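Worksheet for the structure shown next.
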Amino acid sequence: AKKIVIDTDPGIDDAYAILLALQSSELELLALTTIFGNVRTPLATSNALHLLELAGRPDIPVIQGEVKSLKGVAKERIASFVHGEDGLGNTWPRPPVGKALTGSAAQYLVDVVKKNPREITIVALGPLTNLAQAVLLDPNFASNVGEIVILGGAFLSNGNVNPAAEANILGDPEAADLVFGCGAPIKVIGLDVTRNILMTEVQLQRLRDSDGPFGKYLHNASLFYLKYHVEAYQQNVIMLHDPSVMMAVIQPSLFTFREGPVRVEVEEGPFRALTLAYFGNKKWAAATQWCSRPSVEVAVACNVRQVVQEIMDR
Ligand code: BDR
Ligand code: CA
């Protein structure tokens, strides 16, 4: 099985992704590292512990991540209007029994990658601060990590926080730009692809009525998230961002990727956190600031029906 670590800000769609990973024999989940985003970092940690306990896997360690962005800013904009005050749709789960391991998430990522060179896939479902810190801590991290698979950005369409910015990238644009330039094997799946991966209200009810282990739990946690989508997009659906990225780890062939360097706008202003990929002629790019950037794989399409079906089935 593929050894993975999930860096996450749970978050309702993060909960889908984590439970999906645990239901997939293709994957071996080594640990969860946490990050601010949908909620602040300590609550992300407590939600991560809760989800593992819910799944009967309290043996999987949780390591708490950064509380501030690379620039040292504590995130003011927490997405409680999308994910609820508790990050899990205001279902207010009981506080977890377990505790996070001591030590930093970035140090954990460095150590696990060093111990298993080119074998670890890191699935990044929140802002990229922990990963950026790992790159800064260890000059060999980028060449030793197996792969980094990222939910982030909007390459061919608008963001979801504002026309330019997707939430995870806006959480720490400097970290994102550093990670995209670090030279590690990277796949990135942005909103262009994930905003098409929808679960309808009817499918949610089917999940509730199924006898799968997490159907009722996820249905219940999704009701708040559904209300947000109805208000924001006038559609009776939820968007499955993070579990889609997990499917891209499980079955990459369901996705179509194009290769190119990616840059993130870090200037303050209306374009902050904009992600841009260059798919053009490398020779031409060599004349620009893009020449020093390693290429990454950017998702441009996927088999929507099958991705949704796999998530439902698992
Ligand atoms: C991403 O931001 C968070 O709200 C979600 O969990 C997902 O990772 C979507 O922009
Ligand atoms: Ca997330």
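Any read-out appearing in this document is the output of simple, stated calculations on the displayed coordinates, not a laboratory observation. Quick caveat, the model's predicted, so the values are computed rather than measured. No Cβ is skipped: glycine too gets one built from the backbone with ideal geometry, and neighbour counts run over all protein chains shown.
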Long-range HN-HN contacts of V188 with modeled amide H, under 5 Å: I150, E297, V298, A299
Over the range 204-314, what relative contact order in percent results from Cα pairs under 8 Å that are six or more residues apart? 23
Helix 241-250 against the longest principal axis of the chain: what's the angle in degrees, Cα atoms only, rounded to the nearest 10? 70
Rel. contact order, % - alpha carbon contacts under 8 angstrom, at least six apart, the chain: 19
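Suppose every Lys and Arg Cβ carries +1 and every Asp and Glu Cβ carries -1, with no other charges. What dipole size does the range 163-306 come out with about its Cα centre, to the nearest 20 debye? Kindly include the intermediate steps, with their values, before the conclusion.
Numbers: 13 positive and 15 negative charges, 92 e Å.
Roughly 440 debye for the range 163-306.
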Cα-based Lys proximity count in the chain, under 27 Å, for pairs eight or more positions apart or on separate chains: 24
Estimated 222 nm signal from helices in the chain, with DSSP H stretches of n ≥ 4 weighted -39500 (n - 2.57), rounded to 500: -11000 deg cm²/dmol
Positive-pole candidate from I35, L70, L137, dipole of the chain, charges at beta carbon: L137
DSSP-loop GluC sites (Glu not before Pro) across the range 1-103, with at most 10 other Cβ within 10 angstrom: E76
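Could you work out the equivalent-ellipsoid semi-axes for the chain, taking the square root of 5 times each eigenvalue of the Cα gyration tensor, largest first, in whole Å?
After scaling each eigenvalue by five and taking roots: 28, 22, 19 Å.
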For the range 238-314, shape from the Cα gyration tensor axes a ≥ b ≥ c, cut at a/c of 1.5 then a/b versus b/c, turns out oblate
Treat every Asp and Glu Cβ in the range 1-153 as -1 and every Lys and Arg Cβ as +1, leave all other atoms uncharged, and give the resulting dipole magnitude about the Cα centre to the nearest 20 debye. 280
Under the Karplus curve 6.51 cos²θ - 1.76 cosθ + 1.60, θ = phi - 60°, whole-Hz ³J(HN,Hα) for the range 169-174, x wherever Gly or Pro sits: 5, 5, x, 6, x, 4
Diffing the range 149-165: the Karplus 3J(HN,Hα) column from phi (6.51, -1.76, 1.60, θ = phi - 60°), in whole Hz with x for Gly and Pro, holds 10, 10, 8, x, x, 8, 9, 10, 8, 6, x, 10, 8, 8, x, 8, 10
Of the residues V188, V202, V296, which exhibits the maximal mean-square fluctuation in a Gaussian network model of the chain defined by a 10 Å Cα contact cut-off? V202
Give me, ordered by chain and number, the residues 5 or more places off D7 or on other chains with an amide H under 5 Å from its own placed amide H. T33, V123, A124, L125
Once amide H atoms are built 1.01 Å from N in the peptide plane, which residues 5 or more positions from N90, or in another chain, come under 5 Å H to H? E85
In cubic angstrom per residue, the convex hull of the range 155-266 built on its Cα atoms measures 131
Exposed-site-free run, longest, the chain (rule: chymotrypsin sites (Phe, Trp or Tyr not before Pro); DSSP loop; at most 16 other C-beta within 10 Å): 1-270
